Amino acid sequence: MAIKAVIFDFDGTIIDTETIWFHVFEELLKEKFNIDLPLEEFAKSIGTTDEVFFQYLEAQTGMKIDADEINRLASDRFLEKRGILGVREGVVEKLEEARELGFRIGLASSSSREWVEGFLKQFKLWQYFSVIKTREDVDKVKPDPALYLKALEALQVEPQEALAIEDSINGAIAAIEAGMKCIVIPNQVTSFLNFDDKTLRSESFVDFNFKQYI
């Protein structure tokens with residue numbers, strides 16, 4: 001069946017917010033609790049909720065953690081570093097290619113709508129997406145397939161007619177469970193992960209083109 005649509009993940013895929021978040025939490029946990037944050041532990045929460053992350057933190061500290069306070073402190077640090085963020089190399093070119101091929105373009109993110117739309121407008125990417133689904137649109141975020149299923153429904157395409165573009169294991173699971181083909185383009189904090197054999201992996205956006213999947 002021909003490909004008619006492409007659905008992008010946001011964090012870590014379009015803009016690599018995840019590498020900054022890792023360094024922010026790494027610094028914060030070292031200063032506040034004198035504990036290390038292994039990348040493999042942080043990666044478990046990429047693309048989904050932070051529940052597993054705080055379970056790890058409480059196991060390491062042996063104490064009840066105020067998640068709201070930690071997230072507030074982390075957010076303050078993130079804002080200080082936000083200026084170094086940029087669109088990943090090749091993303092704009094892929095959006096242009098998808099548009100030229102007549103693909104319907106959607107976005108499915110476990111983050112909030114305010115977060116996603118703010119960055120899309122800041123980096124002038126808003127106009128590419130006809131459908132945007134965020135955590136407010138579903139009961140369960142990735143790895144549950146609900147976000148992708150909602151996006152597919154809104155784009156009016158069948159799962160086998162769409163490609164998902166992801167960077168995380170949780171995101172890839174969601175896309176596969178939704179019945180889609182998934183191209184994984186890892187970033188600095190997900191490049192060490194082993195992805196499902198059903199995914200197609202590319203080390204960067206410039207290393208593939210959509211035409212090969214039509």
Task: Index of the failed condition, K142 passing every other in (1) open to solvent by less than 10 Å² (accessible area, probe 1.4 Å); (2) charged (D, E, K, R); (3) touching a strand residue (DSSP E or B) at 6+ places or on another chain (Cβ under 7 Å) - done: (3)
Task: Inter-residue pairs, beta-carbon under 7 Å, first part of a loop (DSSP other than H, G, I, E, B) and in segment 77-103, second of a type outside the set (A, V, I, L, M, F, W, C), 6+ apart - done: L85/T17; R88/D16; E89/S204; G90/S204; F103/K4
Task: The one condition in (1) in a helix (DSSP H, G or I); (2) over 19 Å from the mean Cα position of the chain (by Cα); (3) more than 29 Å from F208 (Cβ to Cβ) that I35 fails to fulfil - done: (1)
TODO: May I ask you to verify whether T61 is farther than 29 Å from L147 by Cα and of a type in the set (S, T, Y)?
DONE: yes
Open item on the list: So, I15, is that one open to solvent by less than 20 Å² (accessible area, probe 1.4 Å) and not charged (D, E, K, R) or not?
Closed with: yes
Open item on the list: Checking the structure you have, find out if any residue of segment 45-53 is out of contact with any helix residue (DSSP H, G or I) (no Cβ under 8 Å at 6 or more places or on another chain), part of a loop (DSSP other than H, G, I, E, B) and of a type in the set (S, T, Y).
Closed with: yes
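One line per residue, one yes/no per condition, for (1) more than 25 Å from V87 (Cβ to Cβ); (2) modelled with pLDDT of 95 or more; (3) surrounded by 14 or more Cβ atoms within 10 Å (Cβ to Cβ):
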position: Y128; (1), (2), (3): no, yes, yes
position: R135; (1), (2), (3): no, yes, yes
position: V138; (1), (2), (3): yes, yes, yes
position: A146; (1), (2), (3): yes, yes, yes
position: A154; (1), (2), (3): no, yes, yes
position: E158; (1), (2), (3): yes, yes, no
- [ ] With respect to G90, determine if the residue is under 19 Å from D11 (Cβ atoms) and not basic (K, R).
- [x] yes
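The values are calculated or read from the model by the stated rules, or taken from the named source; none is laboratory data. Remember, predicted model here, so these are calculated numbers, not experimental data. Positions of Cβ are backbone-derived with ideal geometry, glycine not excepted, and every protein chain shown enters the neighbour counts. Protein only, heavy atoms only, side chains kept; ligands, DNA and RNA dropped before computing areas. Shrake-Rupley method; radii C 1.70, N 1.55, O 1.52, S 1.80 Å.
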